[in-house]
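Before any comments, here is the structure.
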């Protein structure tokens, strides 16, 4: 009375399967990119590493599956090594894409644990406080994502006095002018700085005091008064978090 179940489909040739016979996601692209970055050897030239990191960053944007696969393939360790070793003409661009990629990977729980528990936070802080403003912008974004749902101790370790002073400086018109940023770059820079200041101050009196005494409030008010609506919203959130349950 019942038709027999269909025969199990033979997995595609060359595709790995788990113990139940299900085809695993194809990690070949990520393996190749991580090799190019230098995750398992010296990698390619600095330009090739930059391009591979850019591709990895884009693949991990808005894709939970890609973030998981990239993490399992060793993306976090490769990007950390890339930040540590970058040099020459492509150093600033490598810092930008590596920080952006780490920020995207923070969307995966296991990747975020690996990022927070290793050398990445201190490397991100170094980029944030460096002289390359476009790279600092991406570092602010990476620190912002690191702070989300982090403990008070972790947020305090990220929000050092120098990091806070730098984030406040990134809000200023002078900073954008010195770096000759486009309108879009200036907007992104301010949004990331506001978001980072907002997130790291949540339920953290010590960080709130650092931010307040560092002169952030006038700059945040200035952002609220004009400019991009997203920046205004994030600046308002930062002000709200700063004063919440804090004298």
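The values are calculated or read from the model by the stated rules, or taken from the named source; none is laboratory data. Just so we're clear, the structure is a prediction, and the values are computed from it rather than from any experiment. Glycine gets a Cβ as well: all are built from the backbone with ideal geometry, and neighbour counts include every protein chain shown.
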>> I'd like the full set of residues that are touching a helix residue (DSSP H, G or I) at 6+ places or on another chain (Cβ under 7 Å), under 17 Å from residue 83 (Cβ atoms) and modelled with pLDDT of 90 or more, limited to region 27-54.
In response: 33, 34, 36, 37, 46, 47, 48, 49, 50, 52, 53, 54
>> Restricting to region 201-223, name every residue that is at positive phi and either within 24 Å of the chain's Cα centre (by Cα) or outside the structural domain of residue 173 (by TED's automatic domain parsing) (or both).
In response: 203
> residue 151 is checked against (1) more than 23 Å from residue 119 (Cα to Cα); (2) surrounded by fewer than 20 Cβ atoms within 10 Å (Cβ to Cβ) and fails just one. What number does that condition carry?
Replying inline: (1)
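Conditions tested, residue by residue: (1) more than 20 Å from residue 235 (Cα to Cα); (2) surrounded by fewer than 20 Cβ atoms within 10 Å (Cβ to Cβ).
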{"position": "102", "(1), (2)": "yes, no"}
{"position": "110", "(1), (2)": "yes, yes"}
{"position": "118", "(1), (2)": "yes, yes"}
{"position": "135", "(1), (2)": "yes, no"}
{"position": "190", "(1), (2)": "no, no"}
> How many residues are out of contact with any helix residue (DSSP H, G or I) (no Cβ under 7 Å at 6 or more places or on another chain) and part of a helix (DSSP H, G or I) when one looks only at region 55-66?
Replying inline: 3
>> Just to check your reading of the model, which residue among 184, 212, 227 is farther than 19 Å from residue 147 by Cβ and in a helix (DSSP H, G or I)?
In response: 184
> With respect to the numbered conditions (1) free of Cβ contacts under 8 Å to residues at least 12 places away in the same chain; (2) surrounded by 14 or more Cβ atoms within 10 Å (Cβ to Cβ); (3) within 14 Å of residue 167 (Cβ to Cβ), which one is the sole condition not fulfilled by residue 232?
Replying inline: (3)
